[in-house]
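Each remark here refers to the structure printed beneath this line.
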Amino acid sequence: MTAAHRGQWRKAPENSLAAIRAGFADGAEIVEVDVRLTRDKVPVLMHDATVDRTTDGTGRVADLTHAQLRGLRLRAGLGGRQAPLTGERIPTLAEAIQTARTLGLVNLDQAWKDREAVWRVLEETGTVRNGLFKSPAPVPEVRAFLDRHRGALYMHLVDDTNAASVEEFGRNRPPAFEVVFDDVRDKVAQPVFLRGLRATGRVWFNTMRNDYAAKFTDEASLIDPARGWAALIAGFQATLIQTDNVEALESYLAKGVADAVPPGAVRVQAENYAPGGAGVSYHDTDAGNRGDGPGRRGDHVDVCDHDGAVVVCWMRGSEWITYGVDVPKDGSYTLKARASSPYASAGTYRIAYDGGPPGRPVHVANTTAHYAFALQDSRDPRRLTRGRHTVRVSLDAGAFQNWNLDYLQLEPVGP
């Protein structure tokens with residue numbers, strides 16, 4: 001089963017009604033949302049303690065009334081001060097859970113501290129069986145809540161700090177456990193422990209970040225599912241995966257392919273640039289690898305690891321980098337870049353083929369976060385013959401540059 005983290009934020013603002021609908025439409029059985037109380041104790045959807053990142057307003061959710069929050073507009077995707085504003089508003093939990101009533105479950109993150117207020121909303125809206133509570137709380141606290149509220153759905157969060165709590169539940173275990181581990185040697189990552197969880201219910205993992213499941217991430221899965229989703233399913237008893245890449249995970253579960261290269265297309269990872277060294281295969285304006293990724297020894301190209309996405313980063317004006325590509329047949333091709341940036345004017349680059357002159361400027365779009373990658377078309381098609389070609393990506397010297405490049409993809413667009 002698939003859980004959409006903060007809804008399908010790639011198509012709508014995180015924690016919005018539109019993101020909830022899109023998450024279910026793209027195949028998720030569960031949508032995760034974040035719940036907070038307003039000053040007048042209305043449960044609303046908001047991840048951060050403040051509204052600053054995701055709206056056109058400022059201030060703490062707990063200091064603002066529901067009416068004040070309703071006047072704010074949500075920013076696209078993961079937000080950020082330069083993300084465009086949308087027509088979406090901050091939804092109440094009541095609106096969110098009723099949107100999901102006939103679609104699936106809603107994982108109520110950050111809701112445990114306000115569980116009584118949240119429970120009242122579920123009762124009043126007739127959605128008790130849609131809302132999934134979760135926490136790492138002490139077992140007596142959990143039992144007391146479940147005893148008071150028969151029918152409540154609950155998932156227990158475990159890591160190495162509270163692994164013993166599983167046995168405290170005795171025979172009345174929750175139907176699911178969320179497992180968090182940052183090292184495969186952790187107790188909660190061991191086969192015997194996980195088989196014990198799976199014997200009585202479902203096992204949930206998060207694959208959005210490196211530290212949620214020991215680098216078995218969404219981005220690693222897009223390169224090779226065996227480095228992420230497939231490993232968790234085959235080796236760690238996973239039956240529920242929370243993801244930032246709903247469509248890709250659904251594709252993998254249905255077809256065994258996460259991020260397929262289109263027919264006739266050619267893909268090259270950004271870190272796999274041409275050999276030759278400085279002045280031949282690249283030009284970088286500073287010495288050394290400024291990133292935290294596996295850069296090429298002796299080279300100065302900046303390479304970062306964004307939760308499994310190994311990318312060329314720290315992009316700056318006047319830099320350039322060259323790639324070799326093997327074109328499968330004669331035809332017209334467009335170059336697409338899987339890129340990311342939280343900036344409205346993220347960067348500008350030009351493409352040159354086989355040592356020829358650079359083409360027109362291509363502007364990198366705001367994806368709302370450095371780790372939110374999107375495939376962006378250069379819309380600068382070229383006719384290429386079958387065989388080996390070079391592609392140089394040059395960054396305009398006078399333009400603002402602050403973006404990451406994950407891979408380039410040449411796609412056929414005509415004969």
TODO: Give me the pairs, please: first residue somewhere in the stretch 208-228 and closer than 23 Å to Lys187 by Cβ, second residue anywhere and buried (at least 23 other Cβ atoms within 10 Å of the Cβ) and of a type in the set (D, E, K, R), beta-carbon distance under 7 Å, and either six or more positions apart or on two chains.
DONE: Met208/Asp218; Met208/Asp244; Gly228/Asp218
TODO: Mind listing whichever residues of the stretch 262-301 are closer than 21 Å to Arg338 by Cβ and in contact with a Ser or Thr (Cβ under 8 Å, 6 or more places away or on another chain)?
DONE: Tyr273, Ala274, Ser281, Tyr282
Task: Conditions (1) under 30 Å from Ser345 (Cβ atoms); (2) more than 20 Å from the chain's Cα centre (by Cα); (3) β-branched (Val, Ile, Thr); number of the one not met by Thr38 - done: (1)
TODO: Evaluate the following for Thr322: is it surrounded by fewer than 21 Cβ atoms within 10 Å (Cβ to Cβ), in contact with a Leu (Cβ under 8 Å, 6 or more places away or on another chain) and outside any loop (DSSP other than H, G, I, E, B)?
DONE: no
TODO: Filter the stretch 143-171 down to the residues that are under 21 Å from Ala213 (Cβ atoms) and small (Gly, Ala, Ser), then identify the one that is surrounded by the fewest Cβ atoms within 10 Å (Cβ to Cβ).
DONE: Ala164
TODO: Can you tell me which residue among Lys11, Lys41 is over 26 Å from Ile233 (Cβ atoms) and surrounded by fewer than 19 Cβ atoms within 10 Å (Cβ to Cβ)?
DONE: Lys41
TODO: Out of Asp299, Asp284, Asp218, Asp292, report the one residue that is outside the structural domain of Thr385 (by TED's automatic domain parsing) and among the acidic types (Asp, Glu).
DONE: Asp218
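Let's see how each residue does on (1) in contact with a helix residue (DSSP H, G or I) (Cβ under 9 Å, 6 or more places away or on another chain); (2) under 30 Å from Asp218 (Cα atoms); (3) surrounded by fewer than 16 Cβ atoms within 10 Å (Cβ to Cβ); (4) touching a residue at least 24 places away in the same chain (Cβ under 8 Å):
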{"position": "Asp354", "(1), (2), (3), (4)": "no, no, yes, yes"}
{"position": "Ala374", "(1), (2), (3), (4)": "no, yes, no, yes"}
{"position": "Leu384", "(1), (2), (3), (4)": "no, no, no, yes"}
{"position": "His389", "(1), (2), (3), (4)": "no, no, no, yes"}
{"position": "Glu411", "(1), (2), (3), (4)": "no, yes, no, yes"}
{"position": "Pro415", "(1), (2), (3), (4)": "no, no, yes, yes"}
Open item on the list: The conditions are (1) over 30 Å from Leu85 (Cβ atoms); (2) touching a strand residue (DSSP E or B) at 6+ places or on another chain (Cβ under 9 Å); (3) buried (at least 16 other Cβ atoms within 10 Å of the Cβ), and Pro275 fails exactly one of them. Which is it?
Closed with: (3)
Open item on the list: So, Ala344, is that one within 27 Å of Arg10 (Cα to Cα), surrounded by fewer than 21 Cβ atoms within 10 Å (Cβ to Cβ), touching a residue at least 24 places away in the same chain (Cβ under 8 Å) and hydrophobic (A, V, I, L, M, F, W, C) or not?
Closed with: yes
Open item on the list: Going by what's in this entry, would Thr92 be described as more than 12 Å from Leu37 (Cβ to Cβ), among the hydroxyl-bearing types (Ser, Thr, Tyr) and surrounded by 17 or more Cβ atoms within 10 Å (Cβ to Cβ)?
Closed with: no
- [ ] Specify the residue that is surrounded by the most Cβ atoms within 10 Å (Cβ to Cβ); the eligible residues are those in the stretch 110-139 that are assigned to a loop (DSSP other than H, G, I, E, B) and not β-branched (Val, Ile, Thr).
- [x] Ala111
TODO: State yes or no: is Gly295 small (Gly, Ala, Ser), assigned to a loop (DSSP other than H, G, I, E, B) and in contact (Cβ under 8 Å) with a residue 24 or more places away in the chain?
DONE: yes
Open item on the list: With under 30 Å from Thr243 (Cβ atoms), among the β-branched types (Val, Ile, Thr) and either not in a loop (DSSP other than H, G, I, E, B) or not assigned by TED's automatic domain parsing to the domain that holds Asp244 (or both) as the only criterion, which of Val310, Val413, Val391 stands out?
Closed with: Val310
- [ ] Read through the list (1) among the hydroxyl-bearing types (Ser, Thr, Tyr); (2) touching a Phe, Trp or Tyr at 6+ places or on another chain (Cβ under 9 Å); (3) at pLDDT 95 or above, then give the number of the only condition that Tyr353 fails.
- [x] (2)
Open item on the list: Suppose we filter Ala25, Ala100 for residues that are aliphatic (A, V, I, L, M) and surrounded by fewer than 18 Cβ atoms within 10 Å (Cβ to Cβ); which single one remains?
Closed with: Ala25
Task: Subset of the stretch 232-246 [in a helix (DSSP H, G or I) and either in the same structural domain as Ala372 (by TED's automatic domain parsing) or surrounded by fewer than 20 Cβ atoms within 10 Å (Cβ to Cβ) (or both)] - done: Ile233, Ala234, Gly235
Open item on the list: I need the full set of residues from the stretch 325-335 which are crowded, with 20+ Cβ neighbours inside 10 Å and not aliphatic (A, V, I, L, M), in order please.
Closed with: Tyr333
Open item on the list: Where the second residue is assigned to a strand (DSSP E or B) and of a type in the set (S, T, N, Q) and the first is assigned by TED's automatic domain parsing to the domain that holds Leu146 and surrounded by 15 or more Cβ atoms within 10 Å (Cβ to Cβ) and lies in the stretch 172-194, which pairs have Cβ atoms under 8 Å and are six or more apart or on separate chains?
Closed with: Glu178/Asn206; Val180/Asn206
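The values are calculated or read from the model by the stated rules, or taken from the named source; none is laboratory data. Predicted model, so just to flag it, every value in this text is computed and none were measured. With ideal geometry, Cβ positions are generated from the backbone for all residues, glycine too; neighbour counts draw on all protein chains shown.
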